[in-house]
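Chemist: Dropping a structure here in structure tokens format, bear with me for questions.
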């Protein structure tokens with residue numbers, strides 16, 4: 001059964017279902033596997049073609065340039081691509097958050113597993129952003145007490161994965177993977193202070209076992225997809241230059 005035959009069957013089914021004088025007593029069907037053996041329908045292909053061409057044109061539009069290839073496996077605790085994503089979320093989301101609330105995002109936390117592709121050396125396109133972040137995750141900002149921030153630092157110290165954090169957070173571990181120091185914008189974290197942490201809705205809801213986002217003082221939904229953050233960020237950069245730095249390090253001694 002081709003797609004064309006399936007379409008005709010659906011039309012007939014709709015016709016009979018709308019006819020008050022007819023009653024369907026039994027419907028039979030079979031599983032049709034979608035694979036290369038199914039012949040394409042030229043009518044459908046011709047209808048879709050201009051839309052496909054327009055989508056591909058938009059996806060392949062060059063919006064920046066990468067001088068190197070960046071991968072989420074190029075660092076133990078922080079990676080260039082992870083740093084770029086966290087810093088991009090801060091740079092693009094903070095003005096929106098500040099305009100709505102008068103407050104400032106203190107730092108950003110994302111997840112290592114959310115990075116789904118490398119950024120290859122060469123032209124950076126809209127498609128690049130879709131490949132790096134194919135999910136529909138959106139940015140949220142959570143108001144947390146310092147006590148919960150300490151829980152977050154403890155989680156990061158034990159995660160042994162390069163979960164992206166923005167440059168406002170400085171986290172240092174000792175050789176036993178214990179938190180040696182943690183500062184936000186160069187200042188110690190106070191248990192009773194309120195901090196505004198940007199993350200994605202997946203993590204806010206407990207993804208990757210990040211349960212420290214709840215309960216919280218308040219939640220701000222920015223209606224801003226992380227993928228769109230990347231696109232907007234890339235468009236502002238003629239050449240991206242993400243680097244590994246000391247925002248999250250382990251001491252050797």
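Every read-out reported here was derived from the displayed coordinates using simple, explicitly stated rules and does not represent laboratory data. These numbers come from a predicted model, not from an experiment. All Cβ positions, glycine included, derive from the backbone under ideal geometry; neighbour counts span all protein chains shown.
Chemist: Quick one: helix 226-235 against the long Cα principal axis of the chain, what's the angle to the nearest 10°, folded into 0 to 90?
Modeler: 80 degrees
Chemist: At 7 Å along the Cα-to-beta-carbon direction for both residue 179 and residue 104, put a label point, then send me their distance in nm to one decimal.
Modeler: Calculated label separation equals 2.2 nm.
Chemist: Sticking with this one: Normalised by the number of residues in region 64-250, what is the relative contact order in percent for Cα pairs under 8 Å and 6+ residues apart? Can you show the working numbers first?
Modeler: Values: 397 pairs, mean separation 68.4, N = 187.
The value is 37 percent.
Chemist: Which angle between 0 and 90 degrees, to the nearest 10, do you get for helix 3-18 versus the longest principal axis of the chain when only C-alpha atoms count?
Modeler: Between helix and principal axis, roughly 70 degrees.
Chemist: Next question, about the same structure. Ranking 235, 26, 160, 145 by Cβ neighbours within 10 Å, fewest first, what do you get? Walk me through the intermediate numbers first.
Modeler: Working: 235 14, 26 4, 160 11, 145 17.
By the 10 Å Cβ count, ascending: 26, 160, 235, 145.
Chemist: Further, regarding this structure: Past the 17 angstrom mark, what percentage of all C-alpha to C-alpha distances in region 213-253 do you count? Please list the in-between numbers first.
Modeler: Numbers: 524 of 820 pairs.
Taking all Cα-Cα pairs of region 213-253, the fraction more than 17 Å apart is 64 percent.
Chemist: Follow-up. What distance in nm separates the simple spin-label points at residue 59 and residue 214, each placed 7 Å from Cα in the Cβ direction?
Modeler: About 3.4 nm separates the two model spin labels.
Chemist: Based on the Cβ-Cβ distance of residue 238 and residue 117, what FRET efficiency does E = 1/(1 + (r/R0)^6) give at R0 = 22 Å, to the nearest 0.05?
Modeler: Details: r = 22 Å, r/R0 = 0.99.
The formula returns an efficiency of 0.50 here.
Chemist: Exposure proxy check: 112, 190 ranked by fewest other beta carbons within 10 Å? All intermediate terms of the calculation are to be shown ahead of the outcome.
Modeler: Values: 112 16, 190 13.
Fewest-to-most ranking of 112, 190: 190, 112.
Chemist: I'd like the projected area of region 162-211, averaged over all directions, using the convex hull of its alpha carbons. Report it in nm² with one decimal. Write out the running numbers ahead of the final one.
Modeler: Values: hull surface 17.9 nm².
With the hull built on Cα positions only, its mean projection is 4.5 nm².
Chemist: Oh, and also: Could you give the radius of gyration (one decimal) and Dmax (whole number) of the Cα atoms in the chain, in Å?
Modeler: So, for the chain, Rg and Dmax equal 24.3, 85 Å respectively.
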